[in-house]
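Note sheet for the following structure.
The values are calculated or read from the model by the stated rules, or taken from the named source; none is laboratory data. Just so you know, these numbers come straight off a predicted model, no measurement behind them. Cβ coordinates were reconstructed from backbone atoms using ideal geometry, including for glycine residues, and neighbour counts include every protein chain displayed.
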Amino acid sequence: MSTSRLEQARRLLAIAQTGLAYGKDKFDIQRFEEVAAIAQAQMAELIGNTKAEDVARIFMPEAGYANPKLDVRAAVFRDNRIMLVREMSDGLWTLPGGWADIGLSPAQCAEREVLEEAGYVVRITRLLKLIDMNLHPHPVMPFHIWKLVFEGEITGQTAPDGIETDGVDFFAADALPPLSEGRILPAQIARLFALRQSGQTEFD
């Protein structure tokens, strides 16, 4: 799969989405709709096993200026080990987290994700890392995603909701389980350990 071609298709779709939001001339609207259809067909071809109408259902309900999607994660440490949860969708491990929710701050999103997925009550203390997934060797994604990783401090424990994850544990930096690399990479986990020690925040 060509990452650059997929990125071009994503960019075309973003231009079309923004044009449809702000365009006034009916002929311009028609052109932006055509650009969107072309971009959707390209993305479906590049992703594979996907129809253009499925791409349209994913992307075009969004209106207004096209922006990167925001993924919020929490890095929670205990005894120099990091909390990971096991995703039901692929059976692999990742930091607790997910898409940012309307009405909550990024820190509140991270706290809620830890509670729901891991069953721990945490207090977010600082931002560790901001990741532009386009700049890291993640599997190719249909979206342009920015990932915020916050450090959290455990203040309590309850039962996880068990909807998206079916396991939680703490792992040393040199003993990580198989990771869900569409969500987090081993090198990024290593950087989180280092940033925790240095007190710094890192961003792309």
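Given (1) hydroxyl-bearing (Ser, Thr, Tyr); (2) surrounded by 18 or more Cβ atoms within 10 Å (Cβ to Cβ); (3) more than 15 Å from the chain's Cα centre (by Cα), identify the lone condition not met by SER180.
Result: SER180 passes all but (3).
What are the residues in the stretch 7-30 that are surrounded by fewer than 14 Cβ atoms within 10 Å (Cβ to Cβ) and in a helix (DSSP H, G or I), if any?
If we filter the stretch 7-30 for residues that are surrounded by fewer than 14 Cβ atoms within 10 Å (Cβ to Cβ), which is where we start, we get 11, 21-22, 24-30.
ARG11, ALA21, TYR22, LYS26, PHE27, ASP28, ILE29, GLN30, listed by residue number.
Which one is farthest from VAL76 (Cα to Cα) among residues in the stretch 170-204 that are touching a helix residue (DSSP H, G or I) at 6+ places or on another chain (Cβ under 8 Å) and part of a loop (DSSP other than H, G, I, E, B)? Steps first, answer last, please.
Residues of the stretch 170-204 that are touching a helix residue (DSSP H, G or I) at 6+ places or on another chain (Cβ under 8 Å), as a first pass: 173, 176, 179, 201-202, 204.
Going one step further and asking which of them are part of a loop (DSSP other than H, G, I, E, B), we end up with 173, 176, 201, 204.
Values: ALA173: 13, LEU176: 14, THR201: 15, ASP204: 21 Å.
Top of the filtered list is ASP204.
In the stretch 51-64, is there at least one residue being modelled with pLDDT of 80 or more, crowded, with 19+ Cβ neighbours inside 10 Å and not in a loop (DSSP other than H, G, I, E, B)?
no
Mind checking which residues of the stretch 124-169 are within 15 Å of the chain's Cα centre (by Cα) and assigned to a strand (DSSP E or B)?
LYS129, LEU130, ILE131, ASP132, ILE145, TRP146, LYS147, LEU148, VAL149, PHE150
Is it the case that LEU104 is touching a Leu at 6+ places or on another chain (Cβ under 8 Å), assigned by TED's automatic domain parsing to the domain that holds ARG73 and either crowded, with 18+ Cβ neighbours inside 10 Å or under 30 Å from GLN17 (Cα atoms) (or both)? Can you show your working first?
Values: touching a Leu at 6+ places or on another chain (Cβ under 8 Å): no; assigned by TED's automatic domain parsing to the domain that holds ARG73: yes; either crowded, with 18+ Cβ neighbours inside 10 Å or under 30 Å from GLN17 (Cα atoms) (or both): yes.
Spelling it out, it is not the case that LEU104 is touching a Leu at 6+ places or on another chain (Cβ under 8 Å), assigned by TED's automatic domain parsing to the domain that holds ARG73 and either crowded, with 18+ Cβ neighbours inside 10 Å or under 30 Å from GLN17 (Cα atoms) (or both).
Only one of ALA118, ALA175, ALA190, ALA159 is aliphatic (A, V, I, L, M) and without any contact (Cβ under 8 Å) to a residue 12 or more places away in the chain. Can you tell me which? If you could, list the steps in order and put the result at the bottom.
Details: ALA118 fails: without any contact (Cβ under 8 Å) to a residue 12 or more places away in the chain; ALA190 fails: without any contact (Cβ under 8 Å) to a residue 12 or more places away in the chain; ALA159 fails: without any contact (Cβ under 8 Å) to a residue 12 or more places away in the chain.
Going through ALA118, ALA175, ALA190, ALA159 in turn, just one is aliphatic (A, V, I, L, M) and without any contact (Cβ under 8 Å) to a residue 12 or more places away in the chain: ALA175.
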